[in-house]
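Below is one structure, written out as structure tokens; the observations come after it.
The values are calculated or read from the model by the stated rules, or taken from the named source; none is laboratory data. None of the values given here were measured: they were computed from a predicted structure. All Cβ positions, even for glycine, are placed from backbone atoms using ideal geometry, and neighbour counts span all protein chains on display.
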Amino acid sequence: MSSSLLEIENLESGFDTERGLVKAVDGISFELEKGRTLGIVGESGCGKTVTAMSIIDLLPKPAGRVRGGSIRLMDRELRDAEPEVMYDVRGNDVGVIFQEPMAALNPVQRVGPQIIESLLLHRDLTKTEALRKAVELLDAVGIPAPDMRISDYPHQLSGGMRQRVMIAIALCCNPDLLIADEPTTALDVTVQAQILDLMSEMQKERGMATLLITHDLGVIAEQCDEVVVMYAGRIVERAPVKELFAEPKHAYTKGLLSSIPRLSNKHKSELRTIPGQVASIQDFVSGCRFCQRMGREGESLTERPAYEELGGGRFLETCPECT
Amino acid sequence: MHFPVRGGVLYRQTGSVKAVDGVDLVIRKGETLGLVGESGCGKSTLGKCIVRLLDPTDGRVVFKGTDLTRMSQSALRPIRQDFQMVFQDPAESLDARMSVGELISEPLVIQRIGTRADRVRRVEELLDLVGLPKTAAQKFSFEFSGGQRQRIGIARALAVNPDLLVLDEPVSALDVSVQSQVLNLLMDLQNELGLSYLFIAHDLAVVKHVSDVIAVMYLGKIVEIAPAEELYANPLHAYTKALISAIPVPDPSVPRKRVVIPGEVPSPIDPPPGCAFGHRINAENYQASIDIPLELKEVADGHWVLNCPCCVNEQRE
């Protein structure tokens with residue numbers, strides 16, 4: 001019996017393609033405690049969204065599948081669980097906020113029915129009771145005149161409002177875990193500030209754990225207790241948030257942190273960069289993929305570096321060239 | 001070289017959409033003017049008015065002493081060598097069916113510059129300038145990553161040796177580690193070639209990094225202009241302050257003192273009278289803004305702010 005809400009162990013997920021199996025997530029492990037926020041940060045192709053979708057079995061089928069490892073939510077194994085079990089988990093134990101509200105919401109259905117869909121599925125409510133709850137939820141997420149907005153279509157709402165609707169849907173059954181996949185990337189910065197505040201408030205009120213996926217290190221710094229840095233399908237570093245920013249240990253983390261333009265930098269100063277770019281997923285080496293990016297040669301490309309626990313909540317992929 | 005713009009309004013048939021509402025800007029030779037604002041503020045429209053991809057309905061665009069505003073497209077064509085545009089989404093702005101060599105040399109073809117052999121040489125020169133291998137010329141844009149495609153777009157914009165580049169969200173679609181590469185490239189090119197930039201973006205941290213002067217736009221109007229460091233150190237307009245404080249700081253040890261402004265980014269259709277931002281935040285003196293003409297006033301050296309009674313505290317903090 002463990003204390004963690006969510007335990008991911010050696011997770012491997014991939015897609016069947018014409019050129020064979022493409023492993024987007026290549027053996028990662030982490031835990032999330034009740035009430036805490038874990039950020040997963042990484043750039044395109046690192047596997048962060050595939051990780052999230054693997055947890056709730058939303059990888060595009062039949063090509064996408066979890067290939068290995070274990071996903072335990074409140075001590076219940078979710079990998080290879082029956083569809084009925086996943087229907088129960090999704091929306092009920094786990095709420096999801098997707099990146100693009102216009103893509104995630106049904107454009108030809110009014111907002112009200114989309115919110116209550118989850119309620120009707122998981123709770124014993126009449127349609128009227130559910131609609132009343134939906135209005136309450138819209139109010140809780142800060143939408144003015146919620147009783148009117150219930151009848152709107154998604155395209156009638158602004159980006160910020162649509163994201164609030166997504167949050168309402170994610171929260172309606174009081175889940176224990178909230179998965180937020182780039183929840184503010186598509187929003188203007190002043191609206192992003194509102195949404196991040198709302199998410200913090202909701203989390204505090206409800207004692208939810210949150211898995212926050214983003215490429216934005218500023219959002220990570222402000223919202224997360226702990227951070228996992230992913231690169232090319234693997235975790236390269238994991239640490240409590242203050243430690244990660246104060247003392248990054250992996251070359252990739254260091255590179256990422258030093259390449260962000262900050263308001264406090266002197267203007268027109270040269271930015272540090274990470275040369276090159278992530279390799280195509282089919283070309284990933286079995287060894288250290290950051291060495292691959294940096295154009296290094298030798299053993300580090302064939303030997304997969306060990307993922308070690310350093311103590312104090314810190315973990316590191318210990319490639320001799322990168323750490 | 002001054003490049004003053006007095007942009008005007010765009011009218012739609014069913015009503016008036018003041019996408020750009022009386023904007024005065026000056027870009028000096030070798031200088032970067034950053035234009036920052038959120039969606040719908042009119043920054044992209046302004047950029048397009050400047051390069052005459054859109055025709056301003058009022059005001060003037062004066063480039064190197066010549067008034068471009070009402071010139072015919074054919075008269076404009078030779079002048080277009082002197083200013084070029086780089087777009088946000090390299091996937092959309094590069095024709096997928098043209099080779100990289102064809103893409104980069106297209107402006108040379110249009111301007112009838114050089115022989116075919118000259119153009120091949122020029123393409124090689126430009127690829128080298130933006131840090132891409134010569135072999136790229138035979139490939140197609142979809143064979144490259146986002147950052148590389150953006151370099152191709154920059155190479156294309158530089159083909160005709162312009163004095164001014166208008167860059168519309170040039171790094172927004174790129175990963176963070178690639179953003180910094182492209183930003184460094186732009187700064188290097190500016191030094192090497194003496195270019196002027198109009199750098200349009202929504203990310204104030206990025207804009208501040210590359211700009212000499214920054215203009216902040218809200219609902220079609222410029223609310224504040226100042227040298228980059230000054231804007232950050234002494235923001236005077238409430239919107240600028242809110243924008244600065246809304247940006248998440250990548251440093252968990254800095255205490256969060258975010259000014260969260262309520263409401264939505266406005267739509268330019270049917271804007272409220274007077275100061276739109278004052279209206280959004282229910283400012284105390286909002287009513288006073290309705291009857292006075294809102295204009296930029298210089299309050300310190302190079303620091304201009306809208307004379308808005310509800311959003312500006314003239315006291316410097």
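Considering only residues of the stretch B:87-103 that are in a helix (DSSP H, G or I) and of a type in the set (A, V, I, L, M, F, W, C), which is nearest to residue B:146 (Cα to Cα)?
If we take residues in the stretch B:87-103 being in a helix (DSSP H, G or I) and of a type in the set (A, V, I, L, M, F, W, C), then B:91 is nearest to residue B:146 (Cα to Cα).
So if I check each of B:204, B:195, which one is in contact with a strand residue (DSSP E or B) (Cβ under 9 Å, 6 or more places away or on another chain), within 22 Å of residue B:301 (Cβ to Cβ) and touching a residue at least 60 places away in the same chain (Cβ under 8 Å)?
Matching residue, one of B:204, B:195: B:204.
Hey, which of the helices (runs of 4 or more DSSP H) in the stretch B:104-206, taking only ones fully inside, have at least 2 residues that are away from every other protein chain (no Cβ under 14 Å), touching a Ser or Thr at 6+ places or on another chain (Cβ under 9 Å) and of a type in the set (A, V, I, L, M)? Full working, then the answer.
Working: elements: B:116-129, B:146-158, B:176-193.
Hits in the stretch B:104-206: B:116-129.
Taking only the stretch A:154-201 into account, find how many residues are among the hydroxyl-bearing types (Ser, Thr, Tyr), in contact with a helix residue (DSSP H, G or I) (Cβ under 7 Å, 6 or more places away or on another chain) and either modelled with pLDDT of 90 or more or surrounded by fewer than 23 Cβ atoms within 10 Å (Cβ to Cβ) (or both).
Here is the first cut: in the stretch A:154-201, the ones among the hydroxyl-bearing types (Ser, Thr, Tyr) are A:158, A:184-185, A:190, A:200.
Still in the running and in contact with a helix residue (DSSP H, G or I) (Cβ under 7 Å, 6 or more places away or on another chain): A:184, A:190, A:200.
Filter once more, keeping what is either modelled with pLDDT of 90 or more or surrounded by fewer than 23 Cβ atoms within 10 Å (Cβ to Cβ) (or both): A:200.
Adding up the residues that qualify gives 1.
Residue pairs, Cβ under 7 Å, 6 or more apart or interchain, first in the stretch A:140-152 and part of a helix (DSSP H, G or I), second charged (D, E, K, R) and surrounded by fewer than 17 Cβ atoms within 10 Å (Cβ to Cβ). List them.
Matching pairs, first to second residue: A:146/A:139.
Go through (1) over 28 Å from residue B:285 (Cβ atoms); (2) surrounded by fewer than 21 Cβ atoms within 10 Å (Cβ to Cβ); (3) basic (Lys, Arg) for residue B:208 and report which single condition fails.
(2)
Show me the strands (runs of 3 or more DSSP E) found entirely inside the stretch A:1-111 where at least 2 residues are touching a residue at least 40 places away in the same chain (Cβ under 8 Å) and under 30 Å from residue B:179 (Cα atoms).
So the answer is A:4-17, A:20-33, A:37-41, A:94-97.
Does residue A:310 meet the test of being of a type outside the set (S, T, N, Q), surrounded by 19 or more Cβ atoms within 10 Å (Cβ to Cβ), more than 14 Å from chain B (Cβ to nearest Cβ) and more than 26 Å from residue B:147 (Cβ to Cβ)?
So residue A:310 fails the test.
So residue B:222 ticks every box in (1) in contact with a strand residue (DSSP E or B) (Cβ under 8 Å, 6 or more places away or on another chain); (2) of a type in the set (A, V, I, L, M); (3) within 14 Å of chain A (Cβ to nearest Cβ) but one. Which box is left unticked?
Of the numbered conditions (1) in contact with a strand residue (DSSP E or B) (Cβ under 8 Å, 6 or more places away or on another chain); (2) of a type in the set (A, V, I, L, M); (3) within 14 Å of chain A (Cβ to nearest Cβ), the odd one out for residue B:222 is (3).
Within the stretch B:234-262, how many residues turn out to be closer than 23 Å to residue B:309 by Cα, under 25 Å from the mean Cα position of the chain (by Cα) and at the interface with chain A (Cβ under 10 Å from one of its Cβ atoms)?
Selection size over the stretch B:234-262: 7.
Among the residues of the stretch A:1-46 satisfying the criterion of being buried (at least 21 other Cβ atoms within 10 Å of the Cβ) and among the hydroxyl-bearing types (Ser, Thr, Tyr), which is farthest from residue A:225 (Cα to Cα)?
Among residues in the stretch A:1-46 that are buried (at least 21 other Cβ atoms within 10 Å of the Cβ) and among the hydroxyl-bearing types (Ser, Thr, Tyr), the one farthest from residue A:225 (Cα to Cα) is A:13.
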